[in-house]
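The block underneath contains the structure these notes are about, expressed in structure tokens.
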Amino acid sequence: MAMVRRIVVFPVLGRRWAFTAVLPTGCDGKSLPAGSLRNLLDTLRSTPQNSDRVELLTQYFSDKMYEKFTAWEATPEGSFRNRLHSIGQRMLSRLGPTETFLKAIPKDAGLVEIVYPYDINSRLVRRRVRHLAISGEVVHRRYMYGSIALLPFAVVLGVLPLPNVVLAWNLFRAYSHWRALQGSRRLNFLVTESSSASDDAITGKQGEQSNTFKSDLSPDHKTQRNETTHWVLLPSKKLDTLIKLSNVPRDAITDGTVAEICKEYPLDPLEIMKWRDQKLAIKSFR
């Protein structure tokens, strides 16, 4: 059975929209502890595709680096590693929301469900999602190659008697951009692999949407869809009501409205606020 990914799309200020992926059940948004090397070797032996093996190795070392980084938080206050952890946390908090969103789209996703405010035109929603996927592919391919090009210079710093933070950061950025690139490609495939004329077949006519889709979209909510498409549009009246309470798009969405939306859908409020506050988020739609 194909993996289903649900995303929530809504305006947060003027022409600026937020694109967030619903967090899986039990997910706290952090990396899981990496397994043992023996388990990795066993998994590699049972994996026939070389590309999948490379991804497993990359994920393993990425998780190991994350474990080591989080362990620095417990070091004595004011120590070198504790300061590095604080600097790293500040740098991570400045990562763009587009990158985080695209990384949340798995490469094996077979269907994407797009939840959006009821009164917004469905074609506009799909067009914006597709534009984000296309622009994300261009941007993250460029930055991935840039991070890889800097790796040889970062390796040279390994001769210093200090943790090679520059190498670790470049490896992380290259891997992060690679994941965002894979997510953008998959999302573009999912929302493009059908004719635009089938939008009405998915959402139904404007007067029929309230009967087909409920405002409280539960995890077991089932919809009728055209089997030739890989996406389903889910207009939500409750999301539309919450957005209008903040007088969006004239005003910025309030923190209280963000909290209410995150109660309705398992979303990360910090990522929504990044879409609202960061100036970089505006460039995607101008």
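Taken together, the values in this text are just the output of simple stated rules run on the coordinates, not laboratory data. Owing to the predicted nature of the structure, the values given are computational and were not obtained by experimental measurement. Heads up, the Cβs are rebuilt from the backbone with ideal geometry, glycines too, and the neighbour counts pull from every protein chain shown.
P(r) for the stretch 96-181, please, calculated from all Cα pair distances in 5 Å bins and given in %.
Over the stretch 96-181, the share of Cα pairs per 5 Å bin runs 3, 13, 18, 17, 14, 11, 8, 6, 4, 3, 2, 1 percent.
For Phe10, which sequence-distant residues (separation of 5 or more, or a different chain) have an amide H within less than 5 Å of its own amide H, given hydrogens modelled in the peptide plane?
Here the answer is Ala18, since their amide H atoms fall under 5 Å of that of Phe10.
Residue farthest toward the positive end of the dipole of the stretch 72-131, with Cβ of Lys/Arg at +1 and Asp/Glu at -1: which of Ser122, Ser86, Thr100?
Of the options given, the answer is Ser122.
Multiply the residue separation of Arg45 and Val165 by 0.36 nm, subtract the distance between their alpha-carbon atoms, and state the gained length in nm to one decimal.
Stretched fully, the Arg45-Val165 segment lengthens by 40.0 nm.
List the residues, sorted by chain then number, that are 5 or more residues from Glu113 or on another chain and whose placed amide H is less than 5 Å from its amide H.
Those lying under 5 Å, H to H, from Glu113 are Arg5, Arg6, Ile7, Val232.
Within 10 Å, count the other beta carbons around each residue, average over each peptide in 258-268, 66-76, and list them highest first. Walk me through the numbers before you get to the answer.
On the way: 258-268: 17.0, 66-76: 13.5.
By packing density, highest mean first, the sequence is 258-268, 66-76.
Give me the dipole magnitude in Debye, nearest 20, for the stretch 137-196 about the Cα centre, with unit charges on the beta carbon: positive for Lys and Arg, negative for Asp and Glu. Provide the component values of the computation, followed by the final result.
Working: 6 positive and 2 negative charges, 3 e Å.
It comes to approximately 20 debye.
Quick check on my link table: of Lys244/Lys274; Lys64/Lys274; Lys68/Lys274; Lys64/Lys103, which ones sit more than 30 Å apart, alpha carbon to alpha carbon?
Listed pairs above 30 Å: none.
Determine the dipole magnitude for the stretch 55-156: charges of +1 sit on the beta-carbon of Lys and Arg, -1 on that of Asp and Glu, nothing else is charged, the reference point is the Cα centre, and the result goes in debye to the nearest 20.
Working: 15 positive and 10 negative charges, 88 e Å.
I would put it at about 420 debye.
Applying the Karplus parametrisation 6.51 cos²θ - 1.76 cosθ + 1.60 with θ = phi - 60° to the phi angles of the stretch 67-72, what ³J(HN,Hα) value in whole Hz is obtained for each residue in order, glycine and proline being reported as x?
In residue order, the calculated couplings are 4, 5, 5, 5, 5, 5 Hz.
In square nanometres and to one decimal, what's the mean projected area of the convex hull around the Cα atoms of the stretch 38-188? Walk me through the intermediate numbers first.
Working: hull surface 49.1 nm².
About 12.3 nm², averaged over all directions.
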